[in-house]
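Undergrad: Below you'll find the structure I mean.
The values are calculated or read from the model by the stated rules, or taken from the named source; none is laboratory data. Bear in mind that the values here come from a model prediction, so they are computed numbers and not experimental data. Please note: Cβ atoms are built from the backbone with ideal geometry, for glycine as well, and neighbour counts cover all protein chains shown. Heavy atoms of the whole protein, side chains included, go into the accessibility calculation; ligands, DNA and RNA do not. Shrake-Rupley method; radii C 1.70, N 1.55, O 1.52, S 1.80 Å.
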Amino acid sequence: MAGTATAQPDHTADRDRIPREAGLTPFEAARVRDLAGREPNVVEWGMFGAMWSEHCAYKHFKKLLRTLPTAGARVALGPGENAGAVDLGGGLLCVFKVESHNHPSAVEPYQGAATGVGGILRDVFAMGARPIALLNALSFGDPADARTRRLVGGVVGGISFYGNCVGIPDVGGHVSFEPCYADNPLVNAMCVGIVQRDLLRVSATARPGSAVYLVGSDTGRDGIAGASLLASFELGAADDAKRPSVQVGDPFTEKLLLEATIELIERDAVEAAGTALSQCWRQSGWLRTHPSTT
């Protein structure tokens, strides 16, 4: 438009503040600058912070994950999509996914665990599968410790609350107590779903020019920059200040989204479905805290 100028990042600001607040280490920030060949703007820093976070990239144990088997006679869909799928026979597929919500649960155990369940449900029904069961694997510190007891109560409460509201049973799990989990518990949620093979949907089938719809709960003040602020930072004395970064769950809206998504897929009204960008869209709220650079 005539008379307008493209917004440019404010390079007079602290050079390291923005990438640091996006959850990037000095080494990672230097790597981004090297790849870009320039100083990224605030939107780009936010995107790198989300996608290079522990939550999205699993950068600390990605090498170990790559050693796991991903192919076989019954594997219908391996890594790279919202969830994996195995062939049950008779035209049915079992779709399943596991997600960790460790840091969010350490900071705010109830909502941290509840939204872990919500996220894992979303990944399964986005494939067109109806979730039928939830499982979890939990690890905490010494049960005699007051903090451990608070974490256990919050995590178990959040898991049961979300599953009950959506109407999907938690059919099994594992709980262990070891001193090494005193500061950071492990909260792993799993969802299993069933879908007919011809109704399985993936995100890679989207075509250029197609309409894109973002659906779900309204984005509020909660959950801003959660992917980077929680997953990539060390826990410590300032944990309480990170609580707003934990998303507040809304199981009733997700139940509506679940049913609507499955119905749209059954009517062949959806070209592709995906959830991988959800953390990035919520991460975009981080931009509101950096108005001088947008």
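Undergrad: Looking only at residues in segment 96-115 that are of a type in the set (D, E, K, R) and under 16 Å from residue 275 (Cα atoms), which one is least open to solvent (accessible area, probe 1.4 Å)?
TA: We begin by selecting, within segment 96-115, every residue of a type in the set (D, E, K, R); these are 97, 99, 108.
From what is left, the residues that are under 16 Å from residue 275 (Cα atoms) are 97, 99.
Working: 97: 58, 99: 18 Å².
Ranking the qualifying residues of segment 96-115, first place goes to 99.
Undergrad: Just to verify a result, which residue in segment 122-170, among those that are polar (S, T, N, Q) and open to solvent by 10 Å² or more (accessible area, probe 1.4 Å), is nearest to residue 205 (Cα to Cα)? Can you show your working first?
TA: If we filter segment 122-170 for residues that are polar (S, T, N, Q), which is where we start, we get 136, 139, 148, 160, 164.
Going one step further and asking which of them are open to solvent by 10 Å² or more (accessible area, probe 1.4 Å), we end up with 136, 139, 160, 164.
On the way: 136: 31, 139: 38, 160: 35, 164: 33 Å.
For segment 122-170, the residue satisfying everything is 136.
Undergrad: I'd like the residue in segment 13-22 that is open to solvent by less than 50 Å² (accessible area, probe 1.4 Å) and not in a helix (DSSP H, G or I) and, out of all such residues, is nearest to residue 56 (Cα to Cα).
TA: Top of the filtered list is 22.
Undergrad: Residue 294 - would you say it is open to solvent by 40 Å² or more (accessible area, probe 1.4 Å), at pLDDT below 85 and touching a Pro at 6+ places or on another chain (Cβ under 9 Å)? Walk me through it before giving the result.
TA: Details: open to solvent by 40 Å² or more (accessible area, probe 1.4 Å): yes; at pLDDT below 85: yes; touching a Pro at 6+ places or on another chain (Cβ under 9 Å): yes.
In short, yes.
Undergrad: Grab the helices (runs of 4 or more DSSP H) fully contained in segment 93-187, keeping just those with 2 or more residues being touching a residue at least 60 places away in the same chain (Cβ under 8 Å) and more than 17 Å from the chain's Cα centre (by Cα). Explain how you work it out, then say what you get.
TA: Working: elements: 102-107, 109-125, 146-166.
By residue number, 146-166.
Undergrad: Which ones in segment 23-65 are part of a helix (DSSP H, G or I) and of a type in the set (Val, Ile, Thr)?
TA: Narrowing segment 23-65 to residues part of a helix (DSSP H, G or I): 26-36, 42-51, 54-57, 62-65.
32, 42, 43, listed by residue number.
Undergrad: While we're on this one: Which residues, taken from segment 171-204, are in contact with a Phe, Trp or Tyr (Cβ under 7 Å, 6 or more places away or on another chain) and open to solvent by 80 Å² or more (accessible area, probe 1.4 Å)? Before you say what the answer is, go through the steps one by one.
TA: Filtering segment 171-204 for residues in contact with a Phe, Trp or Tyr (Cβ under 7 Å, 6 or more places away or on another chain) gives 177, 181, 185, 190-193.
Answer for segment 171-204, where residues must be in contact with a Phe, Trp or Tyr (Cβ under 7 Å, 6 or more places away or on another chain) and open to solvent by 80 Å² or more (accessible area, probe 1.4 Å): just 177.
Undergrad: Out of segment 45-80, which residues are open to solvent by less than 100 Å² (accessible area, probe 1.4 Å) and within 16 Å of residue 31 (Cα to Cα)?
TA: Scanning segment 45-80 gives 45, 46, 48, 49, 50, 51, 52, 53, 57, 59.
Undergrad: Which numbered condition in (1) modelled with pLDDT under 95; (2) touching a strand residue (DSSP E or B) at 6+ places or on another chain (Cβ under 8 Å); (3) not small (Gly, Ala, Ser) is the only one that residue 103 fails?
TA: (2)
Undergrad: Among the β-branched types (Val, Ile, Thr) and modelled with pLDDT of 90 or more - does that describe any residue in segment 41-49?
TA: No - not one qualifying residue is present in segment 41-49.
Undergrad: Given the conditions (1) closer than 30 Å to residue 70 by Cβ; (2) out of contact with any Phe, Trp or Tyr (no Cβ under 9 Å at 6 or more places or on another chain); (3) not hydrophobic (A, V, I, L, M, F, W, C), and given that residue 116 satisfies all but one, which numbered condition is not satisfied?
TA: (2)
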